1. Across region B:97-113, which residue is farthest from A:THR147 (Cα to Cα) among those that are touching a residue at least 40 places away in the same chain (Cβ under 8 Å) and small (Gly, Ala, Ser)?
2. Please determine, by comparing only the residues of region A:203-260 that are closer than 25 Å to B:ASP203 by Cα and of a type in the set (Asp, Glu), which one is surrounded by the most Cβ atoms within 10 Å (Cβ to Cβ).
3. Filter region B:170-189 down to the residues that are surrounded by 12 or more Cβ atoms within 10 Å (Cβ to Cβ) and more than 20 Å from A:VAL176 (Cα to Cα), then identify the one that is farthest from the other protein chains (Cβ to nearest Cβ).
4. Taking strands (runs of 3 or more DSSP E) that do not extend beyond region B:114-159, which have at least 2 residues that are in contact with a helix residue (DSSP H, G or I) (Cβ under 7 Å, 6 or more places away or on another chain) and in contact (Cβ under 8 Å) with a residue 24 or more places away in the chain?
5. Checking B:LYS297 against (1) away from ligand 2 (no atom under 16 Å from the Cβ); (2) surrounded by fewer than 24 Cβ atoms within 10 Å (Cβ to Cβ); (3) over 20 Å from A:LYS16 (Cβ atoms), which single condition isn't satisfied?
6. Within the bounds of region B:210-227, is there any residue that is facing chain A (nearest Cβ under 10 Å), surrounded by 13 or more Cβ atoms within 10 Å (Cβ to Cβ) and more than 12 Å from ligand 1 (Cβ to nearest atom)?
7. Anything in region B:1-54 that is of a type in the set (Ser, Thr, Tyr) and over 15 Å from the mean Cα position of the chain (by Cα)? List them, or say none.
8. Output the number of the condition that B:PHE301 fails; it satisfies all remaining conditions of (1) aromatic (Phe, Trp, Tyr); (2) under 17 Å from A:ILE260 (Cβ atoms); (3) more than 29 Å from the chain's Cα centre (by Cα).
Amino acid sequence: MNLFVFVKRVPDTESKIRINETGTNVVFEGLNFVLNPYDEYAVEEALRIKETHGGQVTVFSVGPDETQAILKKCLAMGADEAVLIKDDEAELYDGWRIARIIAALLQKKYSEFDLLLFGKQSVGADNAQVPSMVAEMLGLPQVNVITKLELTDSKGVAYREIEGAHEKVEFNLPAVLSAQKGLNEPRYETLRGIMAAKRKQIPVLTLEELGLTPEEVKPRLEIVKVESPPARKAGQVIEDEPRVAAQKLVAFLHEEVKVI
Amino acid sequence: MILVYIEIRDEQIKKASLEALSEARRQAQADEEVGAVVIGSSAEGIRASLQEYGADKIYWVDQPLLQNYTSSGYTEVLAQLVQNLAPQAVFIAATALGRDLAPRLAARLGVGLASDCIQVSREAGAFLAVRPIFAGKAWLTVRLPHQPALITLRPNVFPLEKGAQPQAEEVSPEISLTEDMIKEKVVELVKGEQEELDVTEADIVISGGRGLKGPENFELLRRLSTLLPNSAIGASRSAVDAGWIDHQHQVGQTGKTVSPTLYMAFGISGAIQHLAGMSSSKYIVAVNKDPEAPIFKVADFGIVGDLFEVVPHLEEELKKYKSQT
Ligand SMILES: Cc1cc2nc3c(=O)[nH]c(=O)nc-3n(C[C@H](O)[C@H](O)[C@H](O)COP(=O)(O)OP(=O)(O)OC[C@H]3O[C@@H](n4cnc5c(N)ncnc54)[C@H](O)[C@@H]3O)c2cc1C
Ligand SMILES: Nc1ncnc2c1ncn2[C@@H]1O[C@H](COP(=O)(O)O)[C@@H](O)[C@H]1O
């Protein structure tokens, strides 16, 4: 099977987020970037599919040169190849733009595949848009937020998480899937993998090479401002004996919160 | 017109869809209509609610092919409706279904999508939307310059509002749909062991962390849950990773984002990734034996104490309270 995985470089979840002076974006300098946690599940799933069905795992990312670091990590985990689509645009929080670039890549350069794997959401943009948009642009089935996957040669069944239940969804290949936590437990890179990854070349494609003009990938959303959320005020903290504390809490739930 | 997709599950309208409808009514200009689209259902009682919450028109689209939700099928329906009605905006609740459907629809229509928004406004004809980014560590305001403005609205954020609406007009639009347009097939709905309310849909979320010490102690929280209306059980990642409770319950950056009226954290330290998922709750209550726990920085009401001592008293007090009223 020809398995393509799409990964994004994101600030790690511990990051303190600061807003830039113009209030138009956050400050990315000095943040520690990692492979988007959900994308790790997607890479792991591709590797497992390869192990049982055979095939090839190729990882793609749209981003600046520094994105090489997460592509190397994917190679070290065991991906066969990695490709960078170079894009120096800052984070614009526009899923449509990235989906448009990925769709062009798949239409013009890498049109042979059985499965496109994504994370369910990139932490940071928190959009959960790119997988469904790519599916629509290519006319493919989509199953998002999956926690279990079974494949045969031409078909698949995936379990998709919804409120309080799972939907069992059947689809034909090729298809778009996005990974939710629980799908698998991602492996660590091995030392051998890391050494092998170091030697691998990562081809770099530009948007021009995909036949895309800046106008064609212009974001569909305009950033008006980025600001800090209103700070939560700390409230009262009490250290009474348990019974009194419980009584005060019940009074609070009744008088303030009004849920009882 | 502002078009609102109305999600139905088990013959009931999702509350989040009524919130989206209420917001559409608030955003609609004086002469602008609010349309509600119901796909794959024509259950009794839906009409009255839609009317109450502000629909001028109800579009019923029911065909055998639309019995179960599929992203490609429902996208097709909404795309055809948008083509015919040319609405200014389409509102969809940011539920599991809405998050799956809206981006596919956006790609079909060639417009952007503002996901999981917490505020909507209008300025010189365009819609603006505010959405949390970096798990709520920043707020982004975007303008949606294309028509229709496609927006998903975070559940539990937009207030429900009934209005005195005259009779809504009911329409059964022609939709041309063939089997080959539907690319996915839902073959089964697998429910959890107990039928539980999902944390994203609850008014009250009662969460436990590593301080609970073991899986059996979630029972303490479940007992509280029976005493608190419309409540669900949440958990920190530590509790989930320890295998004490299913991942469906995890709140936080790599779990669910919740904004209930009340969030109660028992034995949860308040790590940044946990706060990301719950700090937009209206009220936060925390019980933790460590007075320095970061959760107290965001709590409206904190109790420094041993949860194993506080919770039984709390249960007793709630029972007492209940029997009085
Ligand atoms: C990429 C990434 C993603 C993450 N995503 C999430 C996420 O989505 N959600 C999430 O929750 N975490 C997430 N985390 C983990 C997060 O960093 C914390 O490790 C986790 O939230 C801690 O869980 P906890 O508060 O239950 O445990 P702890 O931090 O161990 O806190 C336990 C608390 O219980 C208190 N306690 C102990 N005994 C008692 C008692 N008897 N009575 C009262 N209090 C008691 C202690 O004082 C302590 O404050 C993520 C981490 C990473 C790296
Ligand atoms: N710049 C990117 N390059 C490659 N894949 C991406 C990029 N942005 C998002 N994705 C993929 O799309 C998923 C959902 O991202 P998002 O729609 O931004 O929340 C991610 O988990 C990735 O799999």
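1. In the first step, residues of region B:97-113 are kept if they are touching a residue at least 40 places away in the same chain (Cβ under 8 Å); the result is B:97-99, B:101-102, B:105-106, B:109.
Within this subset, residues satisfying the condition of being small (Gly, Ala, Ser) are B:98, B:102, B:106.
Values: B:GLY98: 18, B:ALA102: 21, B:ALA106: 25 Å.
So, considering only residues that are touching a residue at least 40 places away in the same chain (Cβ under 8 Å) and small (Gly, Ala, Ser), the one farthest from A:THR147 (Cα to Cα) is B:ALA106.
2. Going through the qualifying residues, I end up with A:GLU256.
3. Here the answer is B:GLU170.
4. Answer list for region B:114-159: B:119-123, B:149-153.
5. Condition not satisfied by B:LYS297: (3).
6. Looking through region B:210-227, at least one residue is facing chain A (nearest Cβ under 10 Å), surrounded by 13 or more Cβ atoms within 10 Å (Cβ to Cβ) and more than 12 Å from ligand 1 (Cβ to nearest atom).
7. In the first step, residues of region B:1-54 are kept if they are of a type in the set (Ser, Thr, Tyr); the result is B:5, B:17, B:22, B:41-42, B:49, B:53.
Hits for region B:1-54 are B:SER41, B:SER42, B:SER49, B:TYR53.
8. So the condition that B:PHE301 fails would be (3).
The values are calculated or read from the model by the stated rules, or taken from the named source; none is laboratory data. The shown structure was predicted, so the numbers you read here are calculated from the model rather than taken from an experiment. All Cβ positions, glycine included, derive from the backbone under ideal geometry; neighbour counts span all protein chains shown. Keep in mind that these areas ignore ligands, DNA and RNA; they rest on the heavy atoms of the full protein, side chains included. Shrake-Rupley method; radii C 1.70, N 1.55, O 1.52, S 1.80 Å.
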